[in-house]
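*Asks:* The structure follows.
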Amino acid sequence: FLAGFGNLMQDVLWCFSQVKGTIDIGVTEADIISTVEFNHTGELLATGDKGGRVVIFQREQESKNQPHRRGEYNVYSTFQSHEPEFDYLKSLEIEEKINKIRWLPQQNAAYFLLSTNDKTVKLWKVSERDKRPEGYNLKDEDGRLRDPSMITMLRVPVLRPMDLMVEATPRRVFANAHTYHINSISVNSDYETYMSADDLRINLWNFEITNQSFNIVDIKPANMEELTEVITAAEFHPHHCNTFVYSSSKGTIRLCDMRTSALCDRHAKFFEEPEDPSNRSFFSEIISSISDVKFSHSGRYIMTRDYLTVKVWDLNMENRPIETYQVHDYLRSKLCSLYENDCIFDKFECVWNGSDSVIMTGSYNNFFRMFDRNTKRDVTLEASRENSKPRAILKPRKVCVGGKRRKDEISVDSLDFSKKILHTAWHPSENIIAVAATNNLYIFQDKVN
């Protein structure tokens with residue numbers, strides 16, 4: 001089951017908490033993880049939090065002496081990506097929270113990643129240094145300038161070994177292009193451009209140009225009272241640099257081709273599922289809003305997540321999804337209370353595994369769901385400290401809606417809605433997953449006998 005996960009058993013590889021202590025005690029708002037992303041090889045894993053920090057983990061190489069470690073992820077680098085700012089013209093505070101992180105493919109020894117808060121995208125270079133130069137002519141070893149009259153001979157500077165140092169330096173800052181909050185960034189397959197999307201506009205950037213972007217989508221009406229939908233997520237096609245999709249709060253997906261016109265105000269394809277009038281309710285519009293959209297690695301399918309379901313769309317069929325998976329349908333009767341506590345507006349993400357055969361998304365009570373597209377089987381697992389001892393086996397969880405509750409089931413009325421899995425990531429080639437639960441990051445690996 002689950003392409004090698006084996007009889008619903010997951011082996012807890014490693015669990016990391018950004019803040020010592022339990023989830024409920026001593027957790028500040030700044031420590032809550034807001035995004036998780038593996039790089040293209042899966043050797044690095046980056047997390048961003050509401051405090052504007054980026055923490056990068058590196059996978060250890062397997063050791064013959066300690067085979068049980070099997071490539072644990074350890075902290076590689078930590079840096080402050082964004083600081084809180086204030087827009088004096090609009091009298092608005094700009095949060096430092098990291099909304100998204102996207103890696104660039106590695107071209108040399110250094111790593112590059114994009115990180116964004118609500119307004120500003122930054123390109124970071126993460127590099128290692130294990131040697132330092134010594135023997136300057138014009139400076140002493142402390143960096144102070146020497147008196148030229150005291151220099152009597154020329155020296156050849158040499159490199160001396162030093163303790164390994166990982167440096168994160170900002171290489172580009174892309175600012176002042178978004179009036180509304182940035183919800184998505186996506187690197188193009190040409191690796192020369194990327195796009196950033198906010199509620200009403202999508203901009204195309206060149207990595208070498210920071211003071212100018214090109215507006216490729218603009219859905220802002222002349223009269224804001226006529227506004228009926230906003231952009232919720234956007235992503236480039238993994239192979240075709242001219243194609244991208246964006247989703248809306250109305251539950252629709254538009255596929256655009258940048259070859260047709262400079263401004264992609266007319267979509268090439270429009271994906272929408274007709275609504276069943278019998279299921280129409282006060283909450284229909286809210287729960288149909290798409291919170292995440294992802295191309296499959298093959299580029300043939302699109303996956304979308306709304307409040308209650310995950311849907312898989314074929315690029316060649318626009319009128320309805322080819323697969324629909326119920327994430328937590330037992331909450332349908334709880335929509336009124338979820339509306340009152342604002343949980344109905346939570347934005348859950350979804351991810352593919354490396355072969356596009358399994359999809360994963362989060363739920364409440366620190367539950368996350370996996371769906372096998374081939375067997376149509378699914379499983380609910382829980383990310384918590386209580387059941388996440390090293391090399392322990394995760395047991396499937398079940399939610400009881402009504403009637404008699406079995407011993408291993410949990411009642412829908414006792415779910416903790418303050419504990420939610422919004423952000424997850426899947427290793428690009430192996431069955432390793434990263435799950436962010438409030439201020440904790442859990443990394444699970446499939447069981448190997």
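The values are calculated or read from the model by the stated rules, or taken from the named source; none is laboratory data. Everything numeric in this text was worked out from a predicted model, so none of it was measured. Please note: Cβ atoms are built from the backbone with ideal geometry, for glycine as well, and neighbour counts cover all protein chains shown. Please note that ligands, DNA and RNA were not included when accessible areas were found on the heavy atoms of the full protein model with its side chains. Shrake-Rupley method; radii C 1.70, N 1.55, O 1.52, S 1.80 Å.
*Asks:* Where residues in the range 123-159 are of a type in the set (Lys, Arg) and surrounded by 10 or more Cβ atoms within 10 Å (Cβ to Cβ), which of them is nearest to Arg53 (Cα to Cα)?
*Replies:* Per the stated criteria, the residue is Lys125.
*Asks:* Is it the case that the range 418-431 has a residue that's assigned to a loop (DSSP other than H, G, I, E, B), open to solvent by less than 20 Å² (accessible area, probe 1.4 Å) and either out of contact with any strand residue (DSSP E or B) (no Cβ under 8 Å at 6 or more places or on another chain) or within 19 Å of Asp292 (Cα to Cα) (or both)?
*Replies:* For the range 418-431, residues assigned to a loop (DSSP other than H, G, I, E, B), open to solvent by less than 20 Å² (accessible area, probe 1.4 Å) and either out of contact with any strand residue (DSSP E or B) (no Cβ under 8 Å at 6 or more places or on another chain) or within 19 Å of Asp292 (Cα to Cα) (or both): present.
*Asks:* Test each condition in (1) open to solvent by 50 Å² or more (accessible area, probe 1.4 Å); (2) touching a residue at least 60 places away in the same chain (Cβ under 8 Å); (3) not basic (Lys, Arg) for His237 and report the one that comes out false.
*Replies:* (1)
*Asks:* Checking the structure you have, find out if any residue of the range 97-115 is part of a strand (DSSP E or B) and open to solvent by 80 Å² or more (accessible area, probe 1.4 Å).
*Replies:* No, the range 97-115 contains no residue that is part of a strand (DSSP E or B) and open to solvent by 80 Å² or more (accessible area, probe 1.4 Å).
*Asks:* Taking the range 322-334 on its own, how many of its residues are outside any strand (DSSP E or B) and open to solvent by 10 Å² or more (accessible area, probe 1.4 Å)?
*Replies:* 6
*Asks:* Taking only pairs six or more apart or across chains, which ones have beta-carbon atoms under 8 Å, a first residue in the range 176-203 that is within 14 Å of Ser248 (Cα to Cα) and among the basic types (Lys, Arg), and a second residue that is assigned to a strand (DSSP E or B) and open to solvent by less than 10 Å² (accessible area, probe 1.4 Å)?
*Replies:* If the second residue must be assigned to a strand (DSSP E or B) and open to solvent by less than 10 Å² (accessible area, probe 1.4 Å), the pairs left are Arg201/Val217; Arg201/Ile231.
*Asks:* A further question follows. Got a number for residues in the range 137-190 being acidic (Asp, Glu) and modelled with pLDDT of 90 or more?
*Replies:* Residues in the range 137-190 being acidic (Asp, Glu) and modelled with pLDDT of 90 or more: 2 in total.
*Asks:* Residue check: is Ile344 of a type in the set (Val, Ile, Thr) and assigned to a strand (DSSP E or B)?
*Replies:* no
*Asks:* Could you grab me the full set of residues in the range 273-296 that are in contact (Cβ under 8 Å) with a residue 12 or more places away in the chain and more than 27 Å from Val187 (Cβ to Cβ)?
*Replies:* The answer is Glu273, Pro274, Glu275, Ser281, Phe283, Glu285, Ile286, Ile287, Ser288.
*Asks:* Within the range 349-383, which residues are assigned to a loop (DSSP other than H, G, I, E, B) and open to solvent by 10 Å² or more (accessible area, probe 1.4 Å)?
*Replies:* Passing the criteria: Glu349, Gly354, Ser355, Asp356, Ser357, Asn365, Arg373, Asn374, Thr375, Lys376, Arg377.
*Asks:* List the residue pairs whose Cβ atoms are under 6 Å apart, where the first residue sits in the range 104-120 and is on the phi < 0 side of the Ramachandran plot, the second is among the polar types (S, T, N, Q) and open to solvent by less than 10 Å² (accessible area, probe 1.4 Å), and the two are 6 or more positions apart or on different chains.
*Replies:* Partner pairs satisfying both residue conditions: Ser115/Ser81.
*Asks:* Hey, could you check the range 290-312 for residues that are open to solvent by 10 Å² or more (accessible area, probe 1.4 Å) and of a type outside the set (Ser, Thr, Tyr) and say which is farthest from Ile322 (Cα to Cα)?
*Replies:* Going through the qualifying residues, I end up with His297.
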